[in-house]
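Working notes for the structure below.
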Amino acid sequence: MSAEIIDGKQIAADIREELKTEVAALKERGIVPGLGVILVGEDPASKSYVSAKEKACEAIGIFSDDNRLPADTTQGQLLERVEQMNKDPKINGILVQLPLPKHIDEAAVLMAIDPDKDVDGFHPMNVGKMMVGEDTFLPCTPHGVLQMLMRSGVETSGAHVVVVGRSNIVGKPVANMLLQKKEGANATVTLCHTRTKDLSVHTKQADIIIAASGWPNTVTADMVKAGAVVIDVGVNRVEDPSRERGYRLVGDVDFDAVKEVASKITPVPGGVGPMTITMLLFNTVDSAKRANGVD
Ligand code: GUN
């Protein structure tokens with residue numbers, strides 16, 4: 001039997017509707033949440049992500065301050081722009097699109113963002129708070145994954161979750177968030193990566209698989225237990241001459257085959273992708289509320 005498709009677009013739309021109502025209520029009190037966005041260089045994928053983030057802000061009433069800086073921007077110039085945003089009361093969240101050009105020290109830039117405006121949840125202070133279970137900004141993609149599981153009725157408590165991939169943006173934080181002693185978490189987590197000896201030994205035992213390796217077909221049907229839930233975080237461009245743009249997007253999971261084994265599965269596109277931006281909006285609204293003492 002074919003798996004139920006977890007519709008990320010619909011779940012994202014539901015949350016954005018909730019946020020739109022919240023933003024309207026904040027505006028009644030004279031509060032307009034603001035997001036400062038910085039993109040350095042011309043990477044096409046980054047440009048399209050940043051445009052999507054800005055459009056999403058506009059759609060729910062968040063003010064966005066768009067900063068497109070040339071590829072030869074120095075680290076000093078970038079840090080100066082971040083500092084201006086740290087001081088600007090109209091800006092509640094700061095997003096520096098990654099990856100940055102090679103001549104810029106990414107960690108130094110992330111450290112320079114005021115932790116109270118770190119709506120990506122990448123600042124080490126917020127990463128630490130997340131790890132010990134304190135209330136803080138949660139990184140957007142992992143938070144989106146947890147929301148998808150919760151809102152599609154997947155029980156994580158006591159479930160064995162196998163995460164594939166150990167990036168700072170997805171693998172490490174999602175593993176951490178799922179093992180917290182909290183609603184929507186409480187899972188037993190195995191974190192697999194490129195040095196894992198036999199990936200399928202682990203994935204076959206999983207009640208929930210979270211694929212975040214960055215490679216197409218990392219998870220194939222023979223690696224999945226019947227009835228498992230499969231969340232695909234991957235976004236990979238593969239050549240496809242039949243498409244006008246010359247490529248198509250696929251995830252890290254062999255979707256067509258795995259959907260015949262899993263009980264629930266996320267598609268690519270239309271799965272985790274729309275959730276990432278949604279949780280960025282969520283964090284920006286949350287930051288505006290914190291800055292203005294609104295519960
Ligand atoms: N690049 C890829 N994903 C992200 C993200 O979630 N935030 C930022 N700032 N850059 C990214």
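Taking every residue in region 92-119 that is free of Cβ contacts under 8 Å to residues at least 60 places away in the same chain and pairing it with any residue that is among the aromatic types (F, W, Y) and open to solvent by 20 Å² or more (accessible area, probe 1.4 Å), at least 6 positions away or on another chain, the pairs with Cβ-Cβ distances below 9 Å are V96/F122; L110/F122; I113/F122.
If the condition is being over 15 Å from I209 (Cβ atoms) and within 13 Å of the ligand (Cβ to nearest atom), then region 263-273 contributes only G273.
Residues in region 84-94 that are within 19 Å of the chain's Cα centre (by Cα) and within 15 Å of the ligand (Cβ to nearest atom): G93, I94.
Of the residues making up region 241-274, those that are within 22 Å of Y49 (Cβ to Cβ), in contact with a strand residue (DSSP E or B) (Cβ under 7 Å, 6 or more places away or on another chain), assigned to a loop (DSSP other than H, G, I, E, B) and of a type outside the set (S, T, Y) number 8. Being under 24 Å from C140 (Cβ atoms) and at pLDDT below 95 is the requirement here; does R166 meet it? Taking the combined requirement at face value, the residue does not satisfy it. Scanning region 47-57 for residues that are surrounded by 16 or more Cβ atoms within 10 Å (Cβ to Cβ), within 24 Å of T74 (Cβ to Cβ) and at pLDDT 95 or above yields one hit, V50. Would you pick out the residues in region 4-39 that are open to solvent by 10 Å² or more (accessible area, probe 1.4 Å), among the aliphatic types (A, V, I, L, M) and not in a helix (DSSP H, G or I)? Within region 4-39, I5, I31, V32 qualify.
Is there a residue in region 150-164 that is crowded, with 18+ Cβ neighbours inside 10 Å, within 16 Å of the ligand (Cβ to nearest atom) and within 19 Å of the chain's Cα centre (by Cα)? Taking every residue of region 150-164 in turn, none turns out to be crowded, with 18+ Cβ neighbours inside 10 Å, within 16 Å of the ligand (Cβ to nearest atom) and within 19 Å of the chain's Cα centre (by Cα).
Would you pick out the residues in region 194-209 that are open to solvent by less than 60 Å² (accessible area, probe 1.4 Å) and part of a loop (DSSP other than H, G, I, E, B)? Correct list: T196, A206, D207.
Conditions first: (1) open to solvent by 50 Å² or more (accessible area, probe 1.4 Å); (2) over 13 Å from the mean Cα position of the chain (by Cα); (3) in contact (Cβ under 8 Å) with a residue 60 or more places away in the chain. E239 passes all but one, so which condition is the exception? It is condition (3) that E239 fails.
Of the residues making up region 99-116, those that are more than 12 Å from the ligand (Cβ to nearest atom) and open to solvent by 70 Å² or more (accessible area, probe 1.4 Å) are K102, H103, D105, M111, D116. Being open to solvent by 40 Å² or more (accessible area, probe 1.4 Å) and free of Cβ contacts under 8 Å to residues at least 24 places away in the same chain is the requirement here; does F255 meet it? The answer is yes for F255.
Selection of region 124-135 for residues being surrounded by fewer than 21 Cβ atoms within 10 Å (Cβ to Cβ) and without any contact (Cβ under 8 Å) to a residue 40 or more places away in the chain yields P124, M125, G128, K129, V132, E134, D135.
Residue-by-condition table, conditions (1) closer than 20 Å to D43 by Cβ; (2) within 13 Å of the ligand (Cβ to nearest atom); (3) under 20 Å from the mean Cα position of the chain (by Cα):
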| position | (1), (2), (3) |
| --- | --- |
| Q77 | yes, no, no |
| V96 | yes, yes, yes |
| D118 | no, yes, yes |
| P139 | no, yes, yes |
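Remark: pairs (first residue in region 267-295, under 13 Å from L26 (Cβ atoms); second residue charged (D, E, K, R); Cβ separation under 6 Å; 6+ apart in sequence or on different chains) = V285/E22.
The values are calculated or read from the model by the stated rules, or taken from the named source; none is laboratory data. Computed from a predicted model, the values in this text were never measured in an experiment. With ideal geometry, Cβ positions are generated from the backbone for all residues, glycine too; neighbour counts draw on all protein chains shown. With ligands, DNA and RNA removed, areas are computed over all heavy atoms of the protein, side chains included. Shrake-Rupley method; radii C 1.70, N 1.55, O 1.52, S 1.80 Å.
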